[in-house]
Amino acid sequence: MQQDGEDRNARRMKQIIIHVDMDAFFASVEMRDNPALRGKPLIIGALPRERGVVATCSYEARKYGVHSSMNIKEAYRLCPNGIYMHPNIDKYRAVSTRLREIWNAYSSATETIALDEAYLDVTEQAQNPEGARRIAQIIKQRTRDELGLTCSVGTAYSKTAAKMASEEKKPDGYFEILTAEDFVNLIIDRDVRVIYTVGERTAQKLYAAGIRTVRDIRERSEAVIHLLGKQGQWITKIASGIDERKVTPYRPQDAKSISREVTFQGDVRNFELLRDVLVLLALCVERRAKRHRLRGNGVTLKLTYADMKGITRSRSTLACDSAVAIYREAVRLLEKVEKRPVRLIGVGVYNLSGERGQQLIMESLFSESSDEQDEEMKQLLYGLQKRYGLDFAGHLEQIYRADTLHKTVEYMRKHPA
Ligand code: TTP
Ligand code: MG
């Protein structure tokens, strides 16, 4: 009987998608390389006394309530005995390259979402759920044997279901969701936040309308659409198990960098001014990246000194998908360069990748953008207005235009703080 059911599934499955997600990725790599860290609450991100957030933490640290994106101070309060470390992004990137080699061997298309996470289209290679199960086991085995790491894998008929499946048995898990009915049955009584585009704010709106579970979404789909518009349509579709998105391979060779620069009319010795110009450049870069639905994994600062000597400085980082983050990284780089008169300054992001950028766009569309960062950018702009007597009110859009940017920067140069 089971077999019959599966054959029907196999025939019905237009696509078979595997989602792979490494377990506690950064932390696992560190524990692999340093046995003394194993079994300990390990928090990767920043040191307790620094400004910063948790990038990830070991499962032992999660028991204390620590989680990704939590302020490091809060993490320290919850877990004072934890081991705190900075991330070694270049190391994780090298692991990621090896992972992609494994993934690519079994899929016709691999869509990398993050260093540790990808969708694989295995429709042809797998043929049926049994084949997909075999591929999943091989991927898990090779990841363990060749890289000394564990991952969780989900197989499903859609991307959303595959991602849900890989989360179901974390860590080191495997789970299948072969039909939309199975998907709906699995999540029907869960909180609305199980749907990945439902963030905290959206959830609050839904709760306020008495919509708490996926079942509520399904039973009150019109209310959901009324409440959330376009996002509501998407959510009600997902709540019915409908997601026909294809796995779109991300090809690193297609990615370029995105950058903006300005040349001053007169050389600038004042590095405070350069810092302030970085705010505007970062906004421009962020906007371009979002337009192209891209997200950088590194920031570059470019300077040309008055004697025409040019330098570039770069930093690998994960968090550079917002203007604030780009600005912060660029400032760090600026702090380290030789302080001589400057005629040109530029900022860029490189190592572009697709989906997180896409999610970002979706998030901002659905007004789920990060309040804290918005607030910080507002403060930065407010500072510029005050220091240079600028008036951005209503004109900020204009800044993105090259001529306005130049004019504004020139104005700042001539009216120093
Ligand atoms: P995730 O897959 O979200 O987390 P994880 O692999 O650490 O843990 P899990 O077992 O729950 O999958 O993210 C992968 C890596 O990306 C993570 O190790 C660190 C990094 N990351 C950040 O730097 N900031 C973030 O906010 C998140 C969510 C992840
Ligand atoms: Mg992971």
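The values are calculated or read from the model by the stated rules, or taken from the named source; none is laboratory data. Please read all numbers here as calculations on a predicted model, not as lab measurements. Cβ coordinates were reconstructed from backbone atoms using ideal geometry, including for glycine residues, and neighbour counts include every protein chain displayed. For accessibility, only protein heavy atoms count, side chains too; no ligands or nucleic acids. Shrake-Rupley method; radii C 1.70, N 1.55, O 1.52, S 1.80 Å.
Cβ-Cβ under 6 Å, sequence separation 6+ or interchain: first residue in segment 52-68 and in contact (Cβ under 8 Å) with a residue 40 or more places away in the chain and within 12 Å of ligand 2 (Cβ to nearest atom), partner part of a helix (DSSP H, G or I) and of a type in the set (A, V, I, L, M, F, W, C). Which pairs? What qualifies is Ala55/Phe26.
Within segment 399-414, can one find any residue that is in contact with a helix residue (DSSP H, G or I) (Cβ under 7 Å, 6 or more places away or on another chain), of a type outside the set (S, T, N, Q) and modelled with pLDDT under 75? Within segment 399-414, not a single residue is in contact with a helix residue (DSSP H, G or I) (Cβ under 7 Å, 6 or more places away or on another chain), of a type outside the set (S, T, N, Q) and modelled with pLDDT under 75.
Anything in segment 326-354 that is within 9 Å of Gly296 (Cβ to Cβ) and open to solvent by less than 10 Å² (accessible area, probe 1.4 Å)? List them, or say none. Steps first, answer last, please.
Here is the first cut: in segment 326-354, the ones within 9 Å of Gly296 (Cβ to Cβ) are 326, 348-353.
Within segment 326-354, Ile326, Gly348, Val349, Leu352 meet the criteria.
Only a single item in (1) open to solvent by less than 90 Å² (accessible area, probe 1.4 Å); (2) closer than 26 Å to Ile17 by Cβ; (3) assigned to a loop (DSSP other than H, G, I, E, B); (4) modelled with pLDDT of 90 or more is not met by Thr197, and it is number (4). The requirement of being more than 16 Å from ligand 1 (Cβ to nearest atom) and open to solvent by 10 Å² or more (accessible area, probe 1.4 Å) is fulfilled nowhere in segment 165-173; no residue meets it.
Taking (1) in a helix (DSSP H, G or I); (2) surrounded by fewer than 16 Cβ atoms within 10 Å (Cβ to Cβ) in turn, Gly210 satisfies each apart from (1). Take the conditions (1) more than 7 Å from ligand 1 (Cβ to nearest atom); (2) of a type outside the set (Lys, Arg); (3) open to solvent by 10 Å² or more (accessible area, probe 1.4 Å); (4) under 19 Å from Thr150 (Cβ atoms); Val29 misses just one of them, which is (3).
Scoring Val247 on the criteria (1) surrounded by fewer than 23 Cβ atoms within 10 Å (Cβ to Cβ); (2) touching a helix residue (DSSP H, G or I) at 6+ places or on another chain (Cβ under 6 Å); (3) not assigned by TED's automatic domain parsing to the domain that holds Glu117 leaves a single failure, condition (2).
Of the residues in segment 224-240, at least one is closer than 30 Å to Ile399 by Cβ and exposed (fewer than 14 other Cβ atoms within 10 Å of the Cβ). Within segment 80-92, is even one residue among the aromatic types (Phe, Trp, Tyr), within 19 Å of Ser316 (Cβ to Cβ) and within 14 Å of ligand 1 (Cβ to nearest atom)? Yes; the residues of segment 80-92 include at least one that is among the aromatic types (Phe, Trp, Tyr), within 19 Å of Ser316 (Cβ to Cβ) and within 14 Å of ligand 1 (Cβ to nearest atom). As a summary of the residue check, Ala118 satisfies the conditions (1) touching a strand residue (DSSP E or B) at 6+ places or on another chain (Cβ under 9 Å); (2) free of Cβ contacts under 8 Å to residues at least 60 places away in the same chain; (3) surrounded by 16 or more Cβ atoms within 10 Å (Cβ to Cβ) except for the one numbered (2).
In this structure, Ser58 does not satisfy being open to solvent by 50 Å² or more (accessible area, probe 1.4 Å), within 11 Å of ligand 1 (Cβ to nearest atom) and outside the structural domain of Gly298 (by TED's automatic domain parsing). Scan segment 17-51 for residues that are within 11 Å of ligand 2 (Cβ to nearest atom) and in a loop (DSSP other than H, G, I, E, B) and the total you get is 2. Within segment 123-161, the set of residues being surrounded by 17 or more Cβ atoms within 10 Å (Cβ to Cβ), within 16 Å of ligand 1 (Cβ to nearest atom) and among the charged types (D, E, K, R) comprises Lys140, Lys159. Taking residues in segment 267-291 that are small (Gly, Ala, Ser), and partners anywhere that are in a helix (DSSP H, G or I), the pairs with Cβ atoms closer than 7 Å and at least 6 places apart or on different chains are Ala282/Ala323; Ala282/Ile326; Ala282/Tyr327; Ala282/Ala330; Ala289/Gly357. Six or more apart or on different chains, Cβ under 8 Å: which pairs go from a residue in segment 147-174 that's in the same structural domain as Lys14 (by TED's automatic domain parsing) and farther than 18 Å from Pro129 by Cβ to one that's of a type in the set (Phe, Trp, Tyr) and open to solvent by 50 Å² or more (accessible area, probe 1.4 Å)? Could you list them? Here the result reads Pro171/Tyr59, each pair linking segment 147-174 to a residue that is of a type in the set (Phe, Trp, Tyr) and open to solvent by 50 Å² or more (accessible area, probe 1.4 Å).
Applying the set (1) of a type in the set (D, E, K, R); (2) open to solvent by less than 60 Å² (accessible area, probe 1.4 Å); (3) under 30 Å from Lys14 (Cα atoms) to Asp276 leaves exactly one unmet item: (3).
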